[in-house]
Amino acid sequence: MRGNRSRPWRVLTVVGGLWSAMAGTCALPDSDQDPSTGVLVFEDLSAALLSITGTAHGDVYAVGADPDDGRGPYVLHYDGAAWERLETGATGDLWWISVTPVDGAYYLAGAGGNLMQYDPATGIFESFVTPSDDIVFGVWGTDAENVWAVGGDLDNEDAGGFVWRYDGSAWYAEDLSAVAAEGLPTLYKVWGRSANDVYAVGRLGLVLHFDGTRWSQAVTDTTRTLFTVHGNDASVVAVGGFGEAVIEELSGTSFVNRAPPMAPQLNGVFVPVAGEAVAAGNDGTIVRLTESGWQTQPVDFDTPWDFHSTWVDSGGGVWAVGGNLSAALDNGLIAYVGPRTIGTNVRR
């Protein structure tokens, strides 16, 4: 989460190949690697990837930083056979893609107040007018009239945080003065079970909850940064830390840290409807929630870089993306742990 790198952006819609941006920079998995113990699908991409999601193992989206190659930020799509880079018409880094489509469209968030909508059916990216040019780290929604975005002013990290809401016609800033009269710390992610049950997390261990009427602050047992929140009908999990991991699980009305000892900082978490929750973070670490608690996932790949986001497909495959998460936001990678062999073909 380090570095704004904010740049101007504009509206355009182009779909192009990925080859020119990746040629000569892709390390493909060895043919004898077993995907069930982990493979690096791509590594040493020219920009870090910061968010991954999809609807199935053959419909995966990853978004990330802008490699300054004249084609805007990375937006990659995998159709089960090959990868393709989609050109948004925007410039500047993209920090997140909504975990699930919102009325059939994905929402993307990034630097310079950038929020845009992508419709897979038409291939069109549409940029929105937003309340400010502060960095937007997360976006999530239930429908086109209930979408939330969070972020902050990196020059004022303890009081420049915000929650924006889209009502189907415009984005506006939520009034959170009753929660923090002097301002909120930077918020990094937002997620909910419904429009009446929404969570946002950020610096200083902050967890906010929206009940459909008002925002309030939830009780946690940490003051360390929480980077991502996700859950299902039975659980809500927020992860973060600084150096060592924090895994805050909702227990009753408060959050309790249940991170395994010595686990490094975790930046992304995904809780499937059924099956094991997964978190990913620094030093290429992946952890799973098993019957014995959170445990590190052994993998057969080695990387000096950090994961920023993870997602679990409907077949149980675990995907993770990241790279160099310093201000440079370069050296991107995609990893996979699961039952399938992931294609590395790239459409021109």
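Nothing in this text is a laboratory measurement; each read-out follows from the coordinates by a stated rule. Note that this is a predicted model, so its numbers are computed, not measured. In this analysis, Cβ positions are derived from the backbone assuming ideal geometry, glycine residues included, and neighbour counts consider all displayed protein chains.
Below, the figures for the structure above:
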read-out	value
Extension gain, THR290 back to ASP221 (0.36 nm per residue minus Cα-Cα distance, nm)	22.6 nm
Listed residues TRP305, VAL318, TRP294: farthest to the positive end of the dipole of region 285-348 (Cβ charges)	VAL318
Inter-label distance for ASP34 and GLU182, nm, one decimal - labels placed 7 Å from Cα along Cα-to-Cβ	5.6
Packing-based order for 135-146, 86-97, using average beta carbon neighbours within 10 Å, highest first	86-97, 135-146
Value at 222 nm in deg cm²/dmol, rounded to 500, when DSSP H runs of n ≥ 4 in the chain each add -39,500 (n - 2.57)	0 deg cm²/dmol
Hydrodynamic radius (Kirkwood) for region 277-348, which is based on Cα pairs only, to one decimal in Å	13.1
